[in-house]
Amino acid sequence: MSESSVQPVAEGAPGLSQIQRVTNAFTAPSKTFLDIKFGHKSWWLPFIIYIVLGYAFFGAVYQKIGMRQVSENQVKLSPKSEEQMSQLPPDQREQRMKISVAITQGIFLATPAFLLIVGAVISLVLWGTINFGFGGKATFGTIFTVWMYAMLPSMVKSLLGIIVIYAGSAPESFNIRNYAPTNLGAFLSPLDTNAALYSLATSLDAVTIWCLVLVAIGTAAVAGVKRSAGYIAVFGWWAIVVLFGVGTAALMG
């Protein structure tokens, strides 16, 4: 949707409901982001959606895969970790595995906190970039609210993950770091593929790019800058993160 086709809303005027904003994030994102720009910054509904889907995914993993299996699979996918584990005495190996299982389960249970922390950090970076790098006038609160709504397509990945698990995904081959067929890496073997190439292929994720496009549109809208500035800011940081991941994988692989 072009910006010119969206009717401006006076600041302080009655805005969209959160349900309308959630719906428009998929069908008419500019409406959602302009509504946020003019002061309607409630974000609890998408937050609740993320929590519900996150725990639903956790339930599927817990029931069909098992936390122990998830941890064992991660060790198998890292030759160095597997070698280190094999060199430990049985009692130490069991103790380390128990710790790994507890950490994995704790991360799942702490989903709400992680959502808020990650969202706040990324919003802070984007707030500084769009304001000081491109002359925008966004507030941290509006950027944070944009992030919450722009990440809604990630629910597609969670739902696909649940479907894949209940459709009969083999527990021994389940990869918690890449559980849905939304990127090129999902069709490659992490053990038989060059580590750097696998990291790059996994980063080229359709849902992630969809979310980033929305973040770019929303950031530009609330900052009052050209949409191209939003794309440069968002995808510039994304490229840095991807290159860092690829480089780290190459060094460790």
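Stokes-Einstein at 25 °C, 0.890 mPa s, Kirkwood radius from Cα pairs: D for the chain in µm² s⁻¹? Mind dumping the intermediate values first?
Numbers: Rh = 19.9 Å.
It comes out at roughly 123 µm²/s.
Pairs of Lys residues in the range 16-252 that lie 8 or more places apart, or on two chains, and have C-alpha atoms under 21 angstrom apart add up to 12. Label positions at VAL241 and ILE209, each projected 7 Å from the Cα along the C-beta direction, are separated by 1.6 nm. Look at the alpha carbon pairs under 8 Å that are at least 6 residues apart: their mean separation over the length of the range 112-253 gives a relative contact order of 30 percent.
Estimated purely from DSSP H runs of n ≥ 4, each contributing -39500 (n - 2.57), the mean residue ellipticity at 222 nm for the chain is -21500 deg cm²/dmol once divided by its residues.
Alpha carbon centre of the range 137-199 versus the range 111-127: separation in Å? Their Cα centres are 18 Å away from one another. Among VAL146, VAL242, the ranking by other beta carbons within 10 Å of each residue's beta carbon, starting with the fewest, stands as VAL242, VAL146. List ILE232, ILE51 from most exposed to least, where exposure is judged by having the fewest other Cβ atoms within 10 Å. Starting with the residue having the fewest Cβ neighbours, the order is ILE51, ILE232. The order of PHE38, PHE144, going from fewest to most other C-beta atoms within 10 Å of their C-beta, is PHE38, PHE144. Mean separation of Cα pairs under 8 Å and 6 or more residues apart, divided by the residue count, gives the chain a relative contact order of 24 percent.
Among the helices of the chain, those built from whole DSSP H runs whose Cα atoms reach 27 Å or more along their own axis and whose mean Kyte-Doolittle hydropathy is at least 1.0 are 227-252.
Read-outs throughout are calculated quantities, based only on the coordinates presented, and are distinct from any laboratory measurement. All values reported here derive from a predicted model rather than from experimental measurement. Reconstructed Cβ throughout: ideal geometry from the backbone, glycine too, with neighbour counts over all protein chains shown.
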